[in-house]
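J.: My questions will all concern the structure given below.
The values are calculated or read from the model by the stated rules, or taken from the named source; none is laboratory data. As the structure is a computational prediction, the values presented were derived from the model and not from experiment. Backbone-built Cβ (ideal geometry, glycine too); neighbour counts: all protein chains shown.
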Ligand code: IVH
């Protein structure tokens with residue numbers, strides 16, 4: 001009996017590991033998420049009923065541990081350098097020539113490998129056990145993210161046969177498929193979307209609760225070494241092979257080459273191959289393979305002289321434009337959207353692209369039926385770059401500019417380069433307004449994502465935004481795909497939003513040109529929604545950063561009958577319309593009068609830091625100058641950080657920031 005259980009366990013373990021590999025490493029899952037979850041559950045159950053069998057590297061161990069208060073900073077045993085970059089083949093050839101020259105006649109073999117667009121980490125094993133994981137930080141010292149890294153499915157906690165000490169350098173990433181589904185879920189729940197997989201991975205690594213990290217399918221790939229002791233490795237090609245032989249996540253695409261033509265050939269081959277990788281890549285890395293030669297070549301302060309990154313131009317694809325549709329935004333602005341013949345681009349299928357505005361369409365003379373070039377430069381939404389006039393079908397005509405709103409048929413007016421639907425009853429606008437109102441940065445109503453907003457409005461339950469506060473559980477339960485529990489949760493979410501601070505409510509109203517930061521300033525200045533609704537232009541311009549134009553927008557907004565009705569209804573529903581004491585504690589804030597610049601990747605969206613700096617009396621600027629007091633620098637900070645250092649401006653990390661705020 002026990003033998004058959006042991007066999008079943010071994011088989012199941014193999015099976016789950018195989019599917020992990022297919023998903024994270026090969027980007028070719030064979031089974032659905034549900035089928036995977038079933039296998040995984042089975043593994044968990046077996047380990048529970050037979051704890052004596054449980055493998056210490058089982059995927060089920062990747063669940064995270066106790067949450068931390070903050071990350072410890074740890075010095076890197078060997079600094080983590082970055083790479084010099086080039087976009088030109090000529091500069092690449094110059095690099096190769098320089099290497100030959102500095103090696104004084106020795107021949108060099110090069111390793112060509114993918115440049116992963118992820119988040120750099122260093123993972124240390126001692127006597128075969130994973131003991132530490134660090135972020136790059138400033139290159140000299142990084143954050144101790146060991147607990148978070150231990151949740152990475154394809155990263156073993158122990159590896160037989162490793163040298164006594166070995167640090168692997170690599171990139172953490174979120175596989176494209178996982179990123180897509182994570183953003184879909186976030187969208188449904190009304191949470192802010194991550195701009196790209198890299199940001200999502202960086203944000204995830206900075207979570208203090210590793211149990212949350214375990215919920216997000218991070219992966220890692222190694223390509224280099226930090227400190228080692230007892231290692232027999234002598235070159236980069238062997239390193240790649242050995243990483244895989246140890247069962248660690250490594251590159252399966254790498255090439256040993258010699259001489260310029262072979263280097264260029266491999267770099268071009270990689271450009272073709274990289275579309276199939278599970279991680280995003282933005283270039284090839286060309287490294288002198290032999291470690292003794294690397295040592296001869298040495299490094300500058302920042303980057304090694306034995307390696308260079310050749311960056312590929314952002315990926316483009318040509319496809320056919322089927323149609324142009326029009327989307328209505330929350331202020332009524334109509335955005336034209338290109339509906340495309342689906343095409344593969346940077347690992348995702350692209351079927352829509354933004355056309356920005358109507359001027360753009362006429363400027364590029366984009367027509368239905370055209371072959372267009374689309375480009376995706378690391379962001380979610382691709383853009384139409386140009387038209388291939390050679391392939392233009394005969395009889396094509398310029399796209400007619402709409403005169404009526406595509407949703408409510410109301411008339412459109414032209415405002416600068418935009419067309420706007422001015423009808424206050426437009427359902428298209430209402431959907432966007434409610435989405436904005438409920439959004440995480442505004443009233444933060446749980447369960448009220450895009451899909452729910454659409455359902456509520458299409459079912460006629462909400463005809464005016466304020467009616468969400470009249471919704472009751474019974475009517476919600478009648479909606480399609482709505483169970484008793486989700487209806488209850490939504491009612492609770494809506495009720496909880498009544499207590500949000502005034503600044504958020506002002507932002508949620510969606511006053512044109514009034515963002516989150518300005519909303520807070522208005523809350524602090526006027527103390528109540530009533531006072532703000534009565535404010536004249538002359539009162540409004542007293543608020544810092546409110547110019548005449550914005551003041552006029554605000555006055556016009558509160559002058560509208562629909563706004564007055566909305567404000568009345570919110571009052572009746574019992575929302576908080578007064579500034580909370582915490583919102584007013586500004587004068588004497590710890591950053592009173594201080595100027596900040598924010599750069600690099602931080603653990604939370606930038607708006608969050610801006611909000612906090614301002615709530616402590618500070619201000620935030622876009623570029624560094626001698627007048628800057630602090631540069632708040634996250635991971636991978638670039639030129640702004642360098643400028644701050646050159647000017648002697650104080651640079652603080654997120655952790656130091658938290659300390660200052662107290
Ligand atoms: S080697 C001293 N190899 O790109 C060697 N870096 O833009 C320094 N990166 O800091 C790194 N793929 O975070 C190396 N195959 C690869 C890489 C790679 C991605 C990252 C790494 C580096 C950054 C430079």
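J.: Hey, residue 557 hits all of (1) within 17 Å of residue 445 (Cβ to Cβ); (2) touching a residue at least 12 places away in the same chain (Cβ under 8 Å) but one; which does it fall short on?
T.: Here residue 557 meets the rest and fails (1).
J.: Further question: Only one of these is modelled with pLDDT of 90 or more, surrounded by fewer than 15 Cβ atoms within 10 Å (Cβ to Cβ), touching a strand residue (DSSP E or B) at 6+ places or on another chain (Cβ under 7 Å) and assigned to a strand (DSSP E or B): 349, 325, 319. Name it. Working first, answer last.
T.: Details: 349 fails: modelled with pLDDT of 90 or more; 319 fails: surrounded by fewer than 15 Cβ atoms within 10 Å (Cβ to Cβ).
Going through 349, 325, 319 in turn, the sole match is 325.
J.: Could you list, in sequence order, all residues of segment 243-268 that are assigned to a loop (DSSP other than H, G, I, E, B) and under 30 Å from residue 152 (Cα atoms)?
T.: 246, 247, 248, 249, 251, 252, 253, 254, listed by residue number.
J.: Among the listed residues 160, 156, 217, which satisfies the condition of being under 30 Å from residue 486 (Cα atoms), more than 16 Å from the ligand (Cβ to nearest atom) and outside any helix (DSSP H, G or I)?
T.: 217
J.: Which of the strands (runs of 3 or more DSSP E) found entirely inside segment 359-431 contain at least 3 residues meeting this: farther than 21 Å from residue 340 by Cβ?
T.: 412-415, 418-421
J.: I'd like to verify a number: residues in segment 115-130 that are within 10 Å of the ligand (Cβ to nearest atom), surrounded by fewer than 23 Cβ atoms within 10 Å (Cβ to Cβ) and part of a strand (DSSP E or B), how many?
T.: 2
J.: Which residues, counting only those in segment 433-450, are part of a helix (DSSP H, G or I) and either buried (at least 20 other Cβ atoms within 10 Å of the Cβ) or touching a strand residue (DSSP E or B) at 6+ places or on another chain (Cβ under 9 Å) (or both)?
T.: 433, 434, 435, 436, 437, 438
J.: Could we say that residue 567 is in contact with a strand residue (DSSP E or B) (Cβ under 9 Å, 6 or more places away or on another chain), under 24 Å from residue 429 (Cα atoms) and crowded, with 16+ Cβ neighbours inside 10 Å here?
T.: Against the criterion (in contact with a strand residue (DSSP E or B) (Cβ under 9 Å, 6 or more places away or on another chain), under 24 Å from residue 429 (Cα atoms) and crowded, with 16+ Cβ neighbours inside 10 Å), residue 567 does not qualify.
J.: Any idea which of (1) crowded, with 17+ Cβ neighbours inside 10 Å; (2) touching a residue at least 40 places away in the same chain (Cβ under 8 Å); (3) closer than 18 Å to residue 568 by Cα is the one residue 506 doesn't satisfy?
T.: For residue 506, the failing item is (2).
J.: Taking the options 92, 103, name whichever one is under 31 Å from the mean Cα position of the chain (by Cα), farther than 30 Å from residue 652 by Cα and touching a residue at least 40 places away in the same chain (Cβ under 8 Å).
T.: 92
J.: Of the residues that make up segment 614-624, is at least one buried (at least 20 other Cβ atoms within 10 Å of the Cβ), at pLDDT 90 or above and not in a helix (DSSP H, G or I)?
T.: Taking every residue of segment 614-624 in turn, none turns out to be buried (at least 20 other Cβ atoms within 10 Å of the Cβ), at pLDDT 90 or above and not in a helix (DSSP H, G or I).
J.: Which number in (1) within 26 Å of the chain's Cα centre (by Cα); (2) under 19 Å from residue 441 (Cβ atoms) marks the one condition that residue 621 misses?
T.: All conditions pass for residue 621, except number (2).
J.: Could you check how many residues of segment 45-58 are surrounded by fewer than 14 Cβ atoms within 10 Å (Cβ to Cβ) and either closer than 30 Å to residue 114 by Cα or at pLDDT below 90 (or both)?
T.: Count: 1.
J.: Being under 24 Å from residue 601 (Cβ atoms), part of a strand (DSSP E or B), within 16 Å of the ligand (Cβ to nearest atom) and without any contact (Cβ under 8 Å) to a residue 40 or more places away in the chain narrows it down to one of 133, 142, so name that one.
T.: Numbers: 142 fails: without any contact (Cβ under 8 Å) to a residue 40 or more places away in the chain.
Going through 133, 142 in turn, just one is under 24 Å from residue 601 (Cβ atoms), part of a strand (DSSP E or B), within 16 Å of the ligand (Cβ to nearest atom) and without any contact (Cβ under 8 Å) to a residue 40 or more places away in the chain: 133.
J.: Quick test for you: out of 103, 68, pick the one residue that is more than 16 Å from the ligand (Cβ to nearest atom) and within 28 Å of residue 637 (Cα to Cα).
T.: After ruling out the rest, the residue left standing is 68.
J.: Quick check on residue 201: is it at pLDDT below 95, within 27 Å of the chain's Cα centre (by Cα) and either part of a strand (DSSP E or B) or away from the ligand (no atom under 16 Å from the Cβ) (or both)? I'd like the intermediate steps shown before the answer.
T.: On the way: at pLDDT below 95: yes; within 27 Å of the chain's Cα centre (by Cα): yes; either part of a strand (DSSP E or B) or away from the ligand (no atom under 16 Å from the Cβ) (or both): no.
Taking the combined requirement at face value, the residue does not satisfy it.
J.: Is it the case that residue 98 is in a helix (DSSP H, G or I) and either surrounded by fewer than 14 Cβ atoms within 10 Å (Cβ to Cβ) or at pLDDT 95 or above (or both)?
T.: yes
J.: Do we have residue 453 as surrounded by 17 or more Cβ atoms within 10 Å (Cβ to Cβ) and in contact (Cβ under 8 Å) with a residue 12 or more places away in the chain here?
T.: Yes: the conditions hold for residue 453.
J.: Scan segment 295-306 residue by residue and report those that are touching a helix residue (DSSP H, G or I) at 6+ places or on another chain (Cβ under 8 Å) and within 11 Å of the ligand (Cβ to nearest atom).
T.: The answer is 304, 305, 306.
J.: I'd like the residue in segment 229-241 that is farther than 17 Å from residue 26 by Cα and buried (at least 18 other Cβ atoms within 10 Å of the Cβ) and, out of all such residues, is nearest to the ligand (Cβ to nearest atom).
T.: This residue is 236.
J.: Across segment 280-307, what is the number of residues that are part of a strand (DSSP E or B), surrounded by 16 or more Cβ atoms within 10 Å (Cβ to Cβ) and more than 26 Å from the chain's Cα centre (by Cα)?
T.: Count: 6.
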